[in-house]
Amino acid sequence: MIRVEELNKSYSNGFIKRVTYKALDNVSFTIHSGETLGLVGESGCGKSTLARTMLGLIPPTSGKIFFKNQEALSCKGELKKEFYGKMQIIFQHPENVLNPRMKIYKSLMEPMAIRKHNLNEKEFKSEIKNILQEVGLLEEHLSRYPNELSGGQIQRVVLARILSLKPEFIIADEPTSMLDVSVQAQVIRILKKIQLNYGISLLFISHDLELVSWMSDRIAVMYQGQIIEIAPADEFYKNPLHPYSCLLVETFTSLQHSFPAGGLLRENDNINKLCRCSYAPFCPKYGAECEKAPVMRKKSKDHYVACWKV
Ligand SMILES: Nc1ncnc2c1ncn2[C@@H]1O[C@H](COP(=O)(O)OP(=O)(O)OP(=O)(O)O)[C@@H](O)[C@H]1O
Ligand SMILES: [Mg+2]
């Protein structure tokens, strides 16, 4: 369904001196039809950059993205519109997506009107009614402004908007990290239900490994712009291979369900700083071979890892 090939993204900025920062480093993976791929990694590792690049919101430095075997980034005109209409994203801050001066029904009708010019008002209303039911909103919410809804309700409106566009692929970029824990579970359940009902492929991004493993068929771990391990969710939890993944699973199973504020890592000063593996300075398994850039290798069925020591 979705295939990402050797995607690279460098940001270049600076006031006094121009600095280039590699936010995505040769990222490749696939997401099958109807599948959920969970993406975990600590803050700043490049998760949102990957999401935005995949949806064409920012251009990559190099690399390719295939959607149903067709290259997406080089598409132009109507084809591009059609393409990106089938891929949608749910952001961390849903309140920025809705126009604060538009009542909810207008925010819902707007994308539908663009996609389906030929629906009359009655058909519009009936479709909106179905979608409201799907995301658990009430008719009375339609005549409110976004500031008259709770965070969880706003995220449901965003889901309803996306659903009205009949997407085939959704990226959820930490969709509930701004919500209260009790509301988080409701929104996540709705997202899962919609995904299963409509057979949508999903890239689910989160800091929370437990949440990701509940949502996902497979899990990908990102570290400093690189995917370092991909495995089926249950296999990953039982048998993480990369030393960073082992630390992640250990941290999450020891009752902490999020990354600790000071980060997970303690640097080992004795390690050659020119090492091509970016995890080497923190790695307990460090050895001479880690000076070569790690390559993703298959370890068992559907389990891939980028580490020479595994
Ligand atoms: N427009 C930009 N210009 C320069 N650097 C950027 C830009 N956007 C992001 N970055 C940098 O790229 C890196 C990856 O950022 P990104 O937002 O993708 O991380 P993330 O994994 O989504 O983090 P979080 O979990 O906190 O959302 C960070 O170091 C960030 O500072
Ligand atoms: Mg992010």
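The values are calculated or read from the model by the stated rules, or taken from the named source; none is laboratory data. Note that the structure is predicted; figures quoted are calculated from it, not measured. Quick reminder, even Gly has a Cβ in these numbers, built from the backbone with ideal geometry, and neighbours come from all protein chains shown.
Computed values, structure above
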read-out	value
Among (1) under 24 Å from residue 193 (Cα atoms); (2) at pLDDT below 95 - the single one residue 79 does not satisfy	(1)
Sole exception among (1) farther than 13 Å from residue 155 by Cα; (2) surrounded by 13 or more Cβ atoms within 10 Å (Cβ to Cβ) for residue 136, by number	(1)
Any strands (runs of 3 or more DSSP E) falling wholly within region 32-102 and containing at least 2 residues that are away from ligand 1 (no atom under 16 Å from the Cβ)	62-67, 87-90
Hits in region 289-306 (condition: of a type in the set (Ser, Thr, Tyr) and surrounded by fewer than 14 Cβ atoms within 10 Å (Cβ to Cβ))	300
Residue 36 away from ligand 2 (no atom under 16 Å from the Cβ), out of contact with any Lys or Arg (no Cβ under 7 Å at 6 or more places or on another chain) and polar (S, T, N, Q)	yes
Residue within region 8-22 that is closer than 22 Å to residue 216 by Cβ and either in a loop (DSSP other than H, G, I, E, B) or not β-branched (Val, Ile, Thr) (or both) present	no
Given (1) away from ligand 2 (no atom under 16 Å from the Cβ); (2) small (Gly, Ala, Ser); (3) under 18 Å from residue 95 (Cβ atoms); (4) crowded, with 22+ Cβ neighbours inside 10 Å, index of the condition residue 152 fails	(4)
Residue in region 200-221 that is more than 16 Å from the chain's Cα centre (by Cα), on the phi < 0 side of the Ramachandran plot and away from ligand 1 (no atom under 16 Å from the Cβ) present	no
Neighbours by Cβ (under 9 Å, 6+ apart or cross-chain): first from region 56-76, within 18 Å of residue 31 (Cβ to Cβ); second part of a loop (DSSP other than H, G, I, E, B) and of a type in the set (Asp, Glu)	67/168; 68/168
Scope region 194-244; condition part of a loop (DSSP other than H, G, I, E, B) and within 30 Å of residue 130 (Cβ to Cβ); matching residues	199, 200, 216, 217
Subset of region 1-33 [over 30 Å from residue 196 (Cβ atoms), touching a Lys or Arg at 6+ places or on another chain (Cβ under 7 Å) and hydroxyl-bearing (Ser, Thr, Tyr)]	10, 12
Residue count for region 136-155, restricted to those that are in contact (Cβ under 8 Å) with a residue 60 or more places away in the chain and not hydrophobic (A, V, I, L, M, F, W, C)	1
Options 62, 48: the member that is surrounded by fewer than 15 Cβ atoms within 10 Å (Cβ to Cβ), hydroxyl-bearing (Ser, Thr, Tyr), under 30 Å from residue 236 (Cα atoms) and under 22 Å from the mean Cα position of the chain (by Cα)	62
